[in-house]
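Notes follow once the structure below has been shown.
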Amino acid sequence: ITGRLISAKGIGYLVEAMPKVLRDYPAALFVFFGAGNCLPYQNRLREMGIADRNYLFMGYLKEAKDLIYFYRGSSVFVAPTLYENLPIRVLEAMACGVPVVASSICAIPEVIDHGVNGMLVHPGCVEELSESICVLLGDPALRKKIGDNARKTVLDKFSWNVNAAKTLNVYQQISNNNCKKLVSVN
């Protein structure tokens with residue numbers, strides 16, 4: 001997970017999902033990136049008996065190359081957010097070919113097609129969150145397929161070149177429509 005360590009990012013729900021995931025995958029390592037106070041989450045993990053070897057709080061990463069390194073080294077990226085239109089971190093993970101488990105809120109379902117290029121869960125649903133993570137961890141072929149589809153989605157719909165072409169097209173349409181109106185008024 002990346003992003004500020006605040007409750008709106010849904011970090012607490014991921015923390016609550018960790019015991020179920022670790023029962024099935026005891027070697028799993030959860031890595032949290034972002035500025036903020038990690039102590040409440042660490043305290044909760046200790047209360048639940050989660051070993052320090054199963055999680056890391058890395059703080060804020062300044063360099064894009066560091067983020068890319070960790071995205072590409074991840075089996076699954078989790079964005080259990082409670083409210084965000086379309087988190088850039090979801091697109092970043094998808095661009096790196098990592099399957100994403102994200103909350104089905106705001107514009108996220110417009111990008112993620114459940115089971116095709118990512119997994120969608122109801123916001124705050126710990127059971128769905130842990131289940132989706134376990135499905136992906138347990139099926140390397142599915143994980144690869146979803147990760148490949150995720151990368152293709154970003155390249156086809158969200159790359160700078162694609163968006164620049166779409167923006168240019170809108171400007172051209174507006175310009176053409178305004179020219180026609182000017183001509184018809186005279």
Ellipticity estimate at 222 nm from DSSP helix runs (n ≥ 4, -39,500 (n - 2.57)) divided over the chain, nearest 500: -17000 deg cm²/dmol
Accessible surface, the chain, averaged per residue in Å² (probe 1.4 Å): 57
message: Just to confirm the filter: which GluC sites (Glu not before Pro) across the stretch 16-121 are DSSP coil and have at most 10 other Cβ within 10 angstrom of their Cβ?
response: GLU63
statement: For ARG53 and VAL162, extending 7 Å from Cα along the Cα-Cβ vector and measuring point to point gives, in nm, a value of 4.2
statement: XL table LYS144/LYS166; LYS62/LYS145; LYS20/LYS152; LYS20/LYS65; LYS20/LYS144; LYS9/LYS145; Cα-Cα > 25 Å flagged, in table order, is LYS144/LYS166; LYS62/LYS145; LYS20/LYS152; LYS20/LYS65; LYS9/LYS145
Loop-resident sites, the stretch 26-132, for chymotrypsin sites (Phe, Trp or Tyr not before Pro), counting at most 15 other Cβ within 10 Å (DSSP): TYR60, TYR83
statement: Residues meeting the amide H criterion for ALA79 (H placed from the backbone, H to H distance under 5 Å, 5 or more places apart or on another chain) are VAL101, ALA102, SER103
statement: For the stretch 34-39, Karplus-derived ³J(HN,Hα) couplings (6.51, -1.76, 1.60; θ = phi - 60°; whole Hz; x for glycine and proline) come out as x, 6, x, 8, 8, 4
Fraction of accessible area attributable to carbon and sulfur, the chain (%, probe 1.4 Å): 56
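The values are calculated or read from the model by the stated rules, or taken from the named source; none is laboratory data. The model shown is predicted, which means the values in this text are computed figures rather than measured ones. We place every Cβ from the backbone using ideal geometry, glycine too, and count neighbours over all the protein chains shown. Surface areas here come from the heavy atoms of the whole protein model, side chains and all, with no ligands, DNA or RNA. Shrake-Rupley method; radii C 1.70, N 1.55, O 1.52, S 1.80 Å.
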